[in-house]
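Here the structure comes first, spelled out in structure tokens, and everything after it is commentary.
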Amino acid sequence: MTAGNVVETVFRIESARIIAGVTRIVRDVGIAEEIAQDALVAALEQWPESGVPDNPGAWLMATAKHRAIDLVRRRETYARKLAEVGRGLTDVAPPAEPSGPGDIDDDLLRLIFTACHPVLSAEARIALTLRLLGGLTTDEIARAHLVPEPTVAQRIVRAKRKLARAGVPFDVPYGQERAQRLASVLEVIYLIFNEGYAATSGDDWVRPALCEEAVRLARVLAGLMPQEGEVLGLVALLEIQASRTRTRTGPDGRPVLLADQDRTRWDRLLIRRGLTALARALEGGGAPGPYVVQASIAACHARAGSWAETDWARIAALYALLPPSPVVELNRAVAVGMAQGPEAGLAIVDVLAKEPELAAYHLLPSVRGDLLARLGRTVEARAEFARAATLTRNEAERELLLRRAAGEAP
């Protein structure tokens, strides 16, 4: 691997922490992202000649923080800002900030709550946080939300400007303000995990580092809000889903579908942790929230000894409890197709095919191809897999779909 490739790989992994650390200094997420990019450029210029440092992530962080301090120095308020961050010009750790009940000293969570400030629209909060913390490109975010890329780019630019103009503090809020931002925070963590679990684009089917970071953030948030059912539900969902990560690809790196995974290799510790969190989330009674419902679906898979033994009827019923959307209905169609037969599932999918929101969604023809194959309509199934292959941006997934279009077993 060349030094340039190492730089890009390390930056993709570390960019969120770098942006969060720099934001603590400059108090502006837009400027922090620019400084992080400057550190990336410096690495691309220096590492090919000087060699990759022993700790490349720390090198990038130190370079970015030094540039941030230089920027603060040039400001008229340098003395005050320098006192706030408690730093000299040497690379020393900042002192602990004042804390109160329920406070948390985690720059990444501070960054999430800052980006999820109510001054921004819900769409802008999600797009900005996925860009800053998930390391996703505007194209990846656009595809994940089924909207045009220019729309996402505009949301991100406007969101950074709006946060700067509003002077939004870089902190984790308390009380009612925290509760108001929680839904967006949970959604962002969930989407970061999803991007790691099934990458939108690129060569890799799975990006474990993103999954691990999302699970870590969810756990920290649960420690902050241990009685919040939906936080526990998200932890349960991510723990159980993460238990399958190492079985989602084979030795050759090719995707392995859920039906074909070796369940003996699922991480039983993560499953136990997830089921424990789910039980705690359900203790309060009342109607379960969306993350608790999704965790319950994941638990059905985790408890099943095989694909065939899965309680598909329960899964279909659980999907019906989620807020309705075309994507949720597509997932329900899969469960209905397993519980009641492929004809029943295909009937749902054929109705969804008329939804404009799913016109470019590759999983619609992929699911339809599966159902047609089970009905013995092989020619039609192959055509659907071929169409799905043209819509996905992930190379590993495209290869899988093309193999299925050619008649190979998944």
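The values are calculated or read from the model by the stated rules, or taken from the named source; none is laboratory data. Nothing here was measured: the structure is a model prediction, and the numbers come from that model. No Cβ is skipped: glycine too gets one built from the backbone with ideal geometry, and neighbour counts run over all protein chains shown. Ligands, DNA and RNA are excluded from the accessible area calculation, which covers all protein heavy atoms including side chains. Shrake-Rupley method; radii C 1.70, N 1.55, O 1.52, S 1.80 Å.
If I ask for residues that are under 13 Å from residue 238 (Cα atoms) and free of Cβ contacts under 8 Å to residues at least 40 places away in the same chain, which ones from segment 294-309 would you list?
Within segment 294-309, 296, 297 qualify.
For segment 392-409, check the following and say yes or no: at least one residue is in a helix (DSSP H, G or I) and among the small types (Gly, Ala, Ser).
yes
Report the residue count in segment 236-277 for those that are open to solvent by less than 50 Å² (accessible area, probe 1.4 Å) and free of Cβ contacts under 8 Å to residues at least 60 places away in the same chain.
Number satisfying all stated conditions: 21.
Starting from segment 322-341, take each residue that is free of Cβ contacts under 8 Å to residues at least 24 places away in the same chain and list its partners that are open to solvent by 40 Å² or more (accessible area, probe 1.4 Å), counting only C-beta distances under 7 angstrom and pairs at least six apart or across chains.
328/319; 331/319; 332/319; 332/320; 335/319
When you scan segment 216-239, how many residues do you find that are of a type in the set (Val, Ile, Thr) and within 19 Å of residue 177 (Cα to Cα)?
Number of matching residues: 2.
Among the residues of segment 24-73, which ones are closer than 21 Å to residue 162 by Cα and acidic (Asp, Glu)?
If the condition is that a residue be closer than 21 Å to residue 162 by Cα and acidic (Asp, Glu), then 28, 33, 34 are the ones that fit.
I want to confirm something. Restricting to segment 185-219 and keeping residues that are part of a loop (DSSP other than H, G, I, E, B) and over 16 Å from residue 130 (Cβ atoms), which single residue is most open to solvent (accessible area, probe 1.4 Å)?
Here the residue is 203.
Find the helices (runs of 4 or more DSSP H) located wholly in segment 270-372 whose residues include 1 or more that are closer than 30 Å to residue 387 by Cα, over 27 Å from the mean Cα position of the chain (by Cα) and not aromatic (Phe, Trp, Tyr), and list them.
Hits in segment 270-372: 312-319, 326-340, 342-352.
What's the total number of residues in segment 10-41 that are basic (Lys, Arg) and either closer than 9 Å to residue 65 by Cα or not in a helix (DSSP H, G or I) (or both)?
The number of residues fulfilling the criteria is 1.
Return the total of residues in segment 365-397 being in contact with a helix residue (DSSP H, G or I) (Cβ under 7 Å, 6 or more places away or on another chain), of a type in the set (D, E, K, R) and modelled with pLDDT under 95.
1
Here are the criteria: (1) outside any helix (DSSP H, G or I); (2) farther than 24 Å from residue 140 by Cα; (3) of a type in the set (A, V, I, L, M). Tell me which single one residue 383 does not satisfy.
(1)
So which residues in segment 87-137 are surrounded by fewer than 20 Cβ atoms within 10 Å (Cβ to Cβ), hydroxyl-bearing (Ser, Thr, Tyr) and either at pLDDT 85 or above or under 21 Å from the mean Cα position of the chain (by Cα) (or both)?
The answer is 121, 137.
So for segment 154-173 (the condition being more than 22 Å from residue 21 (Cα to Cα), among the small types (Gly, Ala, Ser) and either in a helix (DSSP H, G or I) or touching a strand residue (DSSP E or B) at 6+ places or on another chain (Cβ under 9 Å) (or both)), does at least one residue qualify?
no
I need every pair where a residue in segment 390-410 that is closer than 12 Å to residue 203 by Cα has its Cβ under 7 Å from the Cβ of a residue that is of a type in the set (Ser, Thr, Tyr) and assigned to a strand (DSSP E or B), sequence separation at least 6 or different chains.
Pairs found: 393/201; 394/201.
Within segment 40-47, is there a residue that is touching a Lys or Arg at 6+ places or on another chain (Cβ under 8 Å) and within 13 Å of residue 14 (Cβ to Cβ)?
no
If I ask for residues that are modelled with pLDDT of 90 or more and either surrounded by fewer than 19 Cβ atoms within 10 Å (Cβ to Cβ) or within 13 Å of residue 111 (Cα to Cα) (or both), which ones from segment 138-163 would you list?
If the condition is that a residue be modelled with pLDDT of 90 or more and either surrounded by fewer than 19 Cβ atoms within 10 Å (Cβ to Cβ) or within 13 Å of residue 111 (Cα to Cα) (or both), then 149, 150, 151, 153, 154, 157, 158, 160, 161, 162, 163 are the ones that fit.
Of everything in segment 220-235, what is at pLDDT 90 or above, open to solvent by 30 Å² or more (accessible area, probe 1.4 Å) and assigned to a helix (DSSP H, G or I)? Give them in sequence order.
Of everything in segment 220-235, just one residue is at pLDDT 90 or above, open to solvent by 30 Å² or more (accessible area, probe 1.4 Å) and assigned to a helix (DSSP H, G or I), namely 230.
Going by the conditions given, is residue 167 on the phi > 0 side of the Ramachandran plot, at pLDDT 85 or above and of a type outside the set (Val, Ile, Thr)?
In short, yes.
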